[in-house]
Amino acid sequence: MKDVWTWVRAERAALVADLAAVSAEQWETPSLCPGWSVHDVVAHLVDNARTTRLGIVRAMVRARFDFDRQNADGVRRERCATPAETLDRLRDVVTRTTTPPAPLDSRLVEEVVHGEDIRRPLGIAHAYAPTAVERALRYQARTSVGMGGAKQRIAGLRLEATDADLALGEPGGTLVRGPVVALLLAASGRTAAAADLSGAGADALR
């Protein structure tokens, strides 16, 4: 648990540093999340960081148990009038350790995947802690798509990282190879790193 929060804090701080050099106009760049700008995803990360176990229940009741509506409500709540103000909010939550009632590894998925949702459209490269990304991918592989994971999406596939000692999925499954970040993004429903994947199962995962 301590390791997870250390990684989460490090990724939040790194994103704050990266975004400090981004112009206000660039904050309106479409992110990898359909319908959301970079600014929207940052607001979503702030909302997630501030979420508590009781708070998520209240938010879901207000959203009439519509997860997408609850997320949209959070973005509206935490998105400020200017990027600088929203960035200050992200800076304020770097060290927070509140979480919704979900496995703690889901926090790693949030920080890494949404970090790429923001950075890739802006052309920002970032080196994530390899162990953190591996742990995030393992979580996605065992978690149902209905809960934000990738279990059904990778069914019948064998994922092998080219930059880590990591293999997931069925031993006899159709092979998909690539950097662990690319595998995590593809497993999480993103196509931005599809060109980094190879193997007979790459098209299926894309």
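The values are calculated or read from the model by the stated rules, or taken from the named source; none is laboratory data. Quick caveat: nothing in here was measured; it's all calculated off a predicted structure. In this analysis, Cβ positions are derived from the backbone assuming ideal geometry, glycine residues included, and neighbour counts consider all displayed protein chains.
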Test: Ser144 is within 20 Å of Ala102 (Cβ to Cβ), outside the structural domain of Val8 (by TED's automatic domain parsing) and surrounded by fewer than 16 Cβ atoms within 10 Å (Cβ to Cβ): yes
Residue within the stretch 52-73 that is of a type in the set (Ser, Thr, Tyr) and modelled with pLDDT of 80 or more present: no
Where a residue in the stretch 182-196 is in the same structural domain as Arg153 (by TED's automatic domain parsing) and its partner, wherever it lies, is modelled with pLDDT of 95 or more and acidic (Asp, Glu), with Cβ under 8 Å and at least six apart: Ala182/Asp196; Leu185/Glu116; Arg190/Glu116; Arg190/Asp117; Ala192/Glu116; Ala193/Glu116
Selection from the stretch 1-54 of residues that are part of a helix (DSSP H, G or I), among the charged types (D, E, K, R) and farther than 11 Å from Arg79 by Cβ: Lys2, Asp3, Arg9, Glu11, Arg12, Asp18, Glu28, Arg50, Arg53
Which listed residue, of Gly156, Gly172, Gly123, is surrounded by fewer than 14 Cβ atoms within 10 Å (Cβ to Cβ), closer than 24 Å to Leu90 by Cβ and more than 14 Å from the chain's Cα centre (by Cα): Gly123
Single unsatisfied condition, Arg177 versus (1) outside any loop (DSSP other than H, G, I, E, B); (2) more than 16 Å from the chain's Cα centre (by Cα); (3) under 25 Å from Val4 (Cβ atoms): (3)
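Okay, residues lined up against (1) among the β-branched types (Val, Ile, Thr); (2) within 27 Å of Pro30 (Cβ to Cβ):
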| position | (1), (2) |
| --- | --- |
| Thr98 | yes, no |
| Pro130 | no, no |
| Leu137 | no, yes |
| Ala141 | no, no |
| Gly146 | no, yes |
| Glu170 | no, no |
| Pro179 | no, yes |
| Leu185 | no, yes |
| Ala204 | no, yes |
Enumeration of residues in the stretch 13-40 that are buried (at least 21 other Cβ atoms within 10 Å of the Cβ) and more than 16 Å from Gly123 (Cα to Cα): Asp40
Positions within the stretch 73-92 being closer than 16 Å to Glu25 by Cβ, of a type in the set (Val, Ile, Thr) and either without any contact (Cβ under 8 Å) to a residue 40 or more places away in the chain or not in a helix (DSSP H, G or I) (or both), in sequence order: Thr82
Pairs where the first residue, in the stretch 98-112, is assigned to a loop (DSSP other than H, G, I, E, B) and the second is among the basic types (Lys, Arg), C-beta under 7 Å, 6+ apart: Thr98/Arg50; Thr99/Arg107; Pro100/Arg53; Pro101/Arg53
Residue count for the stretch 120-143, restricted to those that are closer than 21 Å to Ala13 by Cα, assigned to a helix (DSSP H, G or I) and out of contact with any Asp or Glu (no Cβ under 7 Å at 6 or more places or on another chain): 8
